[in-house]
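What follows is one structure encoded as structure tokens, with my remarks underneath.
Derivation of every value follows stated rules applied to the coordinates shown; laboratory data play no part. The structure presented is a predicted model; accordingly, all values stated were derived computationally and were not measured. Cβ placement follows ideal geometry from the backbone for every residue including glycine, while neighbour counts extend to all protein chains displayed.
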Amino acid sequence: MVALEVSFSRFSPYPSSCSSKSTHPLSPKASSSINFQLSPYTPTLSLKTPLLSSFKISRKSRFEVFTTVQEEVQVEEKAENVEISQKRKLYVLNLPWSLTVTDIKKLFGECGIVTDVEIIKQKSGKSRGFAFVTMDSAEEAQAVIDKFNSYELSGRVLTVEYAKRLKRPSPPPPDSPPPGKTRYKLYVSNLAWKVRANDLREFFAANFKPLSARVVFNNPSGNSAGYGFVSFATREEAESVISELNGKELLGRPIILKVGEKSIDRSVSKEEHTPDGQPEES
């Protein structure tokens, strides 16, 4: 049977100049090779491989790894800061006409530090009844929502929620046919079950000029779903409707008005959508 001999030479952890004087029993002369021998007829296989060599990570590699991790952390922190910043800004609706910036700061100051108040006004300078309010922290903004959403002030019920920026509608392609009449839709919820489209139209027509009014019904039962849609010719009129009529009673129930998800509808036959937006921030 062919025997396999493997010889590993021990090496001393001490320099050669110190090894000769050392009395350590396991400190022979250092060697940097490994010999493999197949006996009796095979030649010696020698691998001249330094035993002290090891994997080395250059300074450049360590720096690149550190830089990559640092950049990822900075991106995460930036995204978190943007999210927190967005949660500090509030959209306040149905404000009394006489309310001033000082009044709002004093009112919301009960929940923290008010850093900015922007009351949206008409060209005449009259308040439109809504504003954007920025608090010093997300916690303070949440406290304002908890305390003042549905809060009655001077006979008007306030609506306070986080501000959202709507995307502006993209212009139609150059070769597309002329668009239909532009309509600004409002989502009307909390309707009494007996409210019909005529009731809805007459309610808004008392002070405004609605282009259309529709109540949504459940199929196949045919019962009212408790919400509907009303369209107006201009953004200003739609915003004024929200300011004046949000929270007002229609057949015994206070209605809730919001800008529709697709507030600008250029097609009369296009299906309405439920809301998730607010007027554009200026």
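Data table
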item	result
Under 14 Å, Cβ to Cβ, from Ser224 - net charge with Lys/Arg +1 and Asp/Glu -1	+3
Cut-off 9 Å between beta-carbons: net charge of the residues surrounding Gly112, Lys and Arg +1, Asp and Glu -1	-4
Of Lys164/Lys194; Lys126/Lys258; Lys126/Lys194; Lys89/Lys209; Lys106/Lys258; Lys123/Lys147, pairs whose Cα-Cα distance is over 24 Å	Lys164/Lys194; Lys126/Lys194; Lys89/Lys209; Lys106/Lys258; Lys123/Lys147
Dipole magnitude of the stretch 86-162 about its Cα centre (Cβ charges: Lys, Arg +1; Asp, Glu -1), debye to nearest 20	440
Cα lying deepest toward the dipole's positive end in the stretch 102-143, options Leu107, Ser127, Ala141, charges on Cβ	Ser127
